[in-house]
Amino acid sequence: MAMVTAKAGPKLQSVQRLPAYLGILRGMLAEGREFVSTSHLADVLKLPAIVIRKDLQMTGITGTPRVGFDLRFLVAAIEQFLGWNNTKDVFLVGVRGFGEALLTFDGFRTAGMDVVAGFDRQPELFPEGVRGKPVFPIARLGDLARRMHISIAILTVPDADAQETAELLATAGIRAIWDFTTPRLCLPDEIIVQKAGLISELAVLSKRLRERGLTATAEEGHSV
């Protein structure tokens, strides 16, 4: 088994920017717009036009000089590149706490994912499911994953259970895990693990607050 980590190289950073482009482009389409230029996107996103141009080149689409990109084709190209053009059914493992909030989140559909069921060690806490989505005991995960041909799972169990549960997911045929736990998982190389990065992003936020002197201000504001 190998420790699975994701390197934030230039290409990964480009992929991470594409959803922001997609949201803006979909909005433009809804407004009836037909074409968009990289310079206009640069103004909206506050990014250099050359960065946007290189990001869009990854999708294989090309624009027309002095006209820009056809919005319909550009949206379709980004969706296809990200794999968001076909909705994939997903399991969520670890419903109690944060997992329950994710199970009710409607935004997954915009990313081509539909969370169809939750799994928990105490499913009896959710006798009616969560917003119409059933919650099963973890023991049933393998059978249901094979029967429903599920290959993606969201992992939100307590950190102490993360490795054991991840191994169970791999055994059940899950090939991609969106991991909201803190420990680094040790899994076979063929299993894709993408860390949600909540703790690392919170660390960045805290550091930026401290650099701007906002931490001290907040502490003073709470003094009595």
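How many residues, within the range 122-140, are touching a Ser or Thr at 6+ places or on another chain (Cβ under 9 Å), surrounded by 12 or more Cβ atoms within 10 Å (Cβ to Cβ) and of a type outside the set (Val, Ile, Thr)?
Let us first name the residues in the range 122-140 that are touching a Ser or Thr at 6+ places or on another chain (Cβ under 9 Å), namely 130-131, 133, 138.
Restricting the remaining residues to those that are surrounded by 12 or more Cβ atoms within 10 Å (Cβ to Cβ) gives 130, 133, 138.
Pick out the ones that are also of a type outside the set (Val, Ile, Thr) and you get 133.
Matching residues across the range 122-140 total 1.
Let me spell it out: the conditions are (1) outside any helix (DSSP H, G or I); (2) open to solvent by less than 70 Å² (accessible area, probe 1.4 Å); (3) modelled with pLDDT under 90, and Arg66 meets all of them except one. Which number is the exception?
The number of the failed condition is (2).
So, in the range 173-198, how many residues would count as being within 15 Å of Pro158 (Cα to Cα) and among the basic types (Lys, Arg)?
Residues that pass the stated criteria total 2.
Could you pull out the residue among Ala117, Ala162, Ala153, Ala166 that is buried (at least 18 other Cβ atoms within 10 Å of the Cβ), more than 25 Å from Thr87 (Cα to Cα) and modelled with pLDDT of 95 or more? Quick ask: steps written out before the conclusion?
Details: Ala117 fails: more than 25 Å from Thr87 (Cα to Cα); Ala153 fails: more than 25 Å from Thr87 (Cα to Cα); Ala166 fails: more than 25 Å from Thr87 (Cα to Cα).
Testing whether each residue is buried (at least 18 other Cβ atoms within 10 Å of the Cβ), more than 25 Å from Thr87 (Cα to Cα) and modelled with pLDDT of 95 or more leaves just Ala162.
Does the range 21-37 include one or more residues that are among the charged types (D, E, K, R), free of Cβ contacts under 8 Å to residues at least 40 places away in the same chain, surrounded by 12 or more Cβ atoms within 10 Å (Cβ to Cβ) and in a helix (DSSP H, G or I)?
To start, the set of residues in the range 21-37 that are among the charged types (D, E, K, R) comprises 26, 31, 33-34.
With free of Cβ contacts under 8 Å to residues at least 40 places away in the same chain added as a condition, the list becomes 31, 33-34.
Narrowing further to those that are surrounded by 12 or more Cβ atoms within 10 Å (Cβ to Cβ): 33-34.
This time we only want the ones that are in a helix (DSSP H, G or I), so: none.
Scanning the range 21-37, I find no residue that is among the charged types (D, E, K, R), free of Cβ contacts under 8 Å to residues at least 40 places away in the same chain, surrounded by 12 or more Cβ atoms within 10 Å (Cβ to Cβ) and in a helix (DSSP H, G or I), so the answer is no.
Let me spell it out: the conditions are (1) under 23 Å from the mean Cα position of the chain (by Cα); (2) over 30 Å from Thr62 (Cβ atoms); (3) surrounded by 13 or more Cβ atoms within 10 Å (Cβ to Cβ); (4) not aromatic (Phe, Trp, Tyr), and Lys88 meets all of them except one. Which number is the exception?
Lys88 satisfies every listed condition except (2).
Please count how many residues of the range 191-211 are in contact with a helix residue (DSSP H, G or I) (Cβ under 8 Å, 6 or more places away or on another chain) and in a helix (DSSP H, G or I).
Looking only at that region, the number is 2.
Name the one entry in Val15, Val44 that is of a type in the set (A, V, I, L, M) and over 27 Å from Ile150 (Cβ atoms).
Numbers: Val15 fails: over 27 Å from Ile150 (Cβ atoms).
When all the criteria are applied, what remains is Val44.
The values are calculated or read from the model by the stated rules, or taken from the named source; none is laboratory data. Since we're looking at a predicted model, the values are computed, not measured. All Cβ positions, glycine included, derive from the backbone under ideal geometry; neighbour counts span all protein chains shown. When the accessible area is computed, the model is the full protein with side chains, heavy atoms only, and any ligands, DNA or RNA have been set aside. Shrake-Rupley method; radii C 1.70, N 1.55, O 1.52, S 1.80 Å.
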